Amino acid sequence: MAKIERTIAINAPVEKVYEYLTTPMNLLEIWPSMVEIKDIQNPGVVGGGFHWVYKMAGMKLEGATEYSEVIPCQRFVARNTGGISSTLVWLYQPENGGTRLTLQAEYTVPLPLVGKLAEAFIVKQNEHEMDTLFANLKARMEE
């Protein structure tokens, strides 16, 4: 299982960042490899979720997200099944009128898809993906 953690300071209130990130369609604007989001049910509520299409290593993977833990404006946990099994933990902390956002991701690289030799490349690519996601989010929130 691969793990990635990133933290960023965003010059926007926690409530604004939280609301934006718990609206699934907004992920299409900031997550470079997110291709499609559909079948949204009860966004931001435990048990809610959506279906997605994601592009990894040139392959389209499909899966579903279910919200497993929600503490508004503090902690948000999303579990993904299907094409990529993962857990994303979003941590929100007020900081100087803005937000300190941390994303902890644990995921399994679909090895039959890419092969063992490509796993390190995929992990590095996903780290870059998270950096881009954070840069896009920061730009969107600080507009």
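The values are calculated or read from the model by the stated rules, or taken from the named source; none is laboratory data. Note that this is a predicted model, so its numbers are computed, not measured. Ideal geometry is used to build each Cβ from the backbone, glycine not excepted, and the neighbour counts take in all protein chains shown.
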Query - Some residue of region 2-20 being free of Cβ contacts under 8 Å to residues at least 60 places away in the same chain, closer than 18 Å to Thr87 by Cβ and within 15 Å of the chain's Cα centre (by Cα) - result: no
Query raised in the report: Is one or more of the residues making up region 107-127 at pLDDT 95 or above and among the β-branched types (Val, Ile, Thr)?
Result: no
